[in-house]
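Trainee: Handing you a structure now.
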Amino acid sequence: MYSLQRLKLNFAVEIMNFIRKIKYLFVKNPSDTEVYGVPGQGKALLVSIFSVIFFAAIWIVVTLPIFPSDVEGELIPYIKPLFLPSPQDVFAKFTFIWSEEFSGGTLPTHIGWSMYRVFGAFFLATATAVPLGILMGINKHVRGFLDPPIEFYRPIPPLAYLPLMVIWFGIGELSKILLIFLAIFAPLVLNTRAGVRSVGIELIHAAYSMGATRAQVTFQIILKGAMPEILTGMRIGIGFGWTTLVAAELVAAQAGLGAMIKSASDFLVTDVVVMGIVVIGLVAYSFDLLMRYFERVAVPWKGK
Amino acid sequence: MKKQKIVAKKAAGQVKTKLVLADVNVVFPGHGGAESVQALSNINLTLQGNDFTVVLGSSGCGKTTLLSLIAGFIKPNSGELFFERTLAETDSAMPKKQKITVDGPSRDRGVVFQAVEGPSRDRGVVFQKHALLPWLSVLDNVEFPLKLRSVSKKERFQEALKNLKLMGLEDFLNHKVYELSGGMQQRVGIARALTADPSVLLMDEPLGALDALTRENVQQIILKGWLATGKMIFFITHSVEEALFIGTRLIVMSPRPGRITHEFPLDFSEEFLSGKTARVVKSSPRFIKMREKILDIIYRDEGLIK
């Protein structure tokens, strides 16, 4: 009797501990001493892993063929493959198109073309937006002149001016890269400008008091001080670049992830559409991770 | 014994430098219909030799405006601001160091007048917020003023190391500045300003953000650094105790309009430098009496007592 009670008690304690551990996954890192901390502090990696598994599981479950259909003996999933193909099908398509041509090329060809367009535009945007953003930050005339056009076109969806790009620059690579370029340019130039403004006046005063020339202040203080914001602008910009990719490849693209998705959607090949989306997401996310790593290495002082 | 060292430093100098402010006025225009503010009114002030001038005053009395003015960040609405350098008699040729662009005329009877216009490396500044470059190491920060002038790497390192040693930071050369404590960051800032080898070192409440213990410690380091370099220092503070302890000359300012109301010579730093401990100096009856006297002046300015 006594030992049974103890067993029950032990069991209760175990349950409580388990619940506490589960709770900590969602609340914050276990710490016995900290009661009130900064809202949202602690690592959320475990929750993120759970989130990925959770949504993948929902995808798997709703596409499992477990319901009886009108045809005798055939089982169909909760959501039909036309609307949402199963992850297995998508992965099978991935491996298939990796080596077999679909809509003008194998998957590596599509990825290659898309990366060429996005990174080409990203490179051009970085080469122009950073110097212009710095100039806008340090010169009121440049700022006054460039502010209206940039602020005007910035909120317009690229799809809206895509026809204009095509009319002006044709259906070749130029209009595609230009469209993506414009999407990246605005956030990058504005972040660079904000970066210049974020450089403390003490740093600039200090440099002048040490005998720095205007050029030295610009290149050795302002440019470096604006670096964290420039890198943030690059991250935001490349994100916009990927967002604009499909729009850019809508018109007469021979190959590219956007073109592949477009042509798959024309023929209702949903698994290729989903696969294209996942590939764009993964490529963009990988690059973002790379940028974040680069940020940690290049501007370790950020936020300190 | 150490007092002789100060005198020796003076004699060794090739030139006698004075920084003169004559009838300087600064008016800040009012924004949005507000009345303009007379930030500084008829300032007459001469800093010379190795003066350690400390400025005290209630908030809004124009201390920082005065420093910005000397640093060249702002310019006066009226009045003059210039360096007056008297060359030593034996020195026929102008020493290399003094090849400065002078404003207008010249070397009358061995005296050079150099107007203060804009910031320049002959006026080093130490800020309340350290203003160090976070992307550079401690050593690179201190070398920075020399790097701006493309001084050779070896010379840069020697000069920077000398000043870092002076500030007791020789063990932190390769640290990142954001890894250091507030007191150490300020010491790096002072070492950097010294490396530019300015004629005058301007300090805007450099110890204002430090805790009381660190503050006392850095005060002593600054005093020893001053003794070793013989720099002319212009030092703003809010702390009466700090002002009395660290300076050789005290200036009290009053607000509305910002002006200099009192001036006192100080000798407490001498007591410290000749061997007494800081606490002994600061707790002597003479020090306390002086402290209360200055506090009384400032409280009257603030309208806290009639």
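The values are calculated or read from the model by the stated rules, or taken from the named source; none is laboratory data. Predicted model, so just to flag it, every value in this text is computed and none were measured. Cβ placement follows ideal geometry from the backbone for every residue including glycine, while neighbour counts extend to all protein chains displayed.
Trainee: Inside segment B:111-132, can you point out the residues that are over 25 Å from B:Val218 (Cβ atoms), polar (S, T, N, Q) and more than 7 Å from every other protein chain (Cβ to nearest Cβ)?
Mentor: The one that is over 25 Å from B:Val218 (Cβ atoms), polar (S, T, N, Q) and more than 7 Å from every other protein chain (Cβ to nearest Cβ): B:Gln114.
Trainee: Which numbered condition in (1) assigned to a helix (DSSP H, G or I); (2) within 14 Å of chain B (Cβ to nearest Cβ) is the only one that A:Ile238 fails?
Mentor: Only one criterion in (1) assigned to a helix (DSSP H, G or I); (2) within 14 Å of chain B (Cβ to nearest Cβ) is unmet by A:Ile238, namely (2).
Trainee: Tell me yes or no: at least one residue of segment A:85-103 is on the phi > 0 side of the Ramachandran plot and surrounded by 18 or more Cβ atoms within 10 Å (Cβ to Cβ).
Mentor: Yes: one or more hits.
Trainee: Return the residues of segment B:186-208 that are surrounded by fewer than 24 Cβ atoms within 10 Å (Cβ to Cβ) and either away from chain A (no Cβ under 14 Å) or closer than 21 Å to B:Lys282 by Cα (or both); say none if nothing qualifies.
Mentor: If the condition is that a residue be surrounded by fewer than 24 Cβ atoms within 10 Å (Cβ to Cβ) and either away from chain A (no Cβ under 14 Å) or closer than 21 Å to B:Lys282 by Cα (or both), then B:Glu205, B:Gly208 are the ones that fit.
Trainee: Show the residue pairs meeting these rules: Cβ distance below 7 Å; 6+ apart or different chains; first residue within segment A:116-132 and under 16 Å from A:Val246 (Cα atoms); second residue surrounded by 21 or more Cβ atoms within 10 Å (Cβ to Cβ) and of a type in the set (Gly, Ala, Ser).
Mentor: Pairs found: A:Arg117/A:Ala248; A:Arg117/A:Gly256; A:Val118/A:Gly241; A:Ala121/A:Gly241; A:Phe122/A:Gly237; A:Phe122/A:Gly241.
Trainee: List pairs: first residue in segment A:195-215 and surrounded by fewer than 22 Cβ atoms within 10 Å (Cβ to Cβ), second residue polar (S, T, N, Q) and part of a loop (DSSP other than H, G, I, E, B) anywhere in the structure, Cβ distance under 7 angstrom, at least six positions apart or on different chains.
Mentor: Close Cβ pairs satisfying both conditions: A:Gly211/B:Ser120.
Trainee: If I filter segment A:206-223 for residues that are out of contact with any Asp or Glu (no Cβ under 6 Å at 6 or more places or on another chain), outside any helix (DSSP H, G or I), within 14 Å of another protein chain (Cβ to nearest Cβ) and on the phi > 0 side of the Ramachandran plot, do I get at least one hit?
Mentor: yes
Trainee: Of all residues being within 14 Å of chain B (Cβ to nearest Cβ) and of a type outside the set (D, E, K, R) in segment A:274-304, which is surrounded by the most Cβ atoms within 10 Å (Cβ to Cβ)? Just the residue, please.
Mentor: Filtering first and then ranking leaves A:Val299.
Trainee: Take A:Val199 and tell me if it is at pLDDT 90 or above and within 14 Å of chain B (Cβ to nearest Cβ).
Mentor: It is true that A:Val199 is at pLDDT 90 or above and within 14 Å of chain B (Cβ to nearest Cβ).
Trainee: Here's a follow-up. Is it the case that some residue within segment A:173-193 is within 23 Å of the chain's Cα centre (by Cα) and within 14 Å of another protein chain (Cβ to nearest Cβ)?
Mentor: No.
Trainee: Right, something else. If I ask for residues that are within 13 Å of another protein chain (Cβ to nearest Cβ) and either among the β-branched types (Val, Ile, Thr) or in a helix (DSSP H, G or I) (or both), which ones from segment B:139-155 would you list?
Mentor: Correct list: B:Asp140, B:Asn141, B:Val142, B:Glu143, B:Phe144, B:Pro145, B:Leu146, B:Lys147, B:Leu148, B:Val151.
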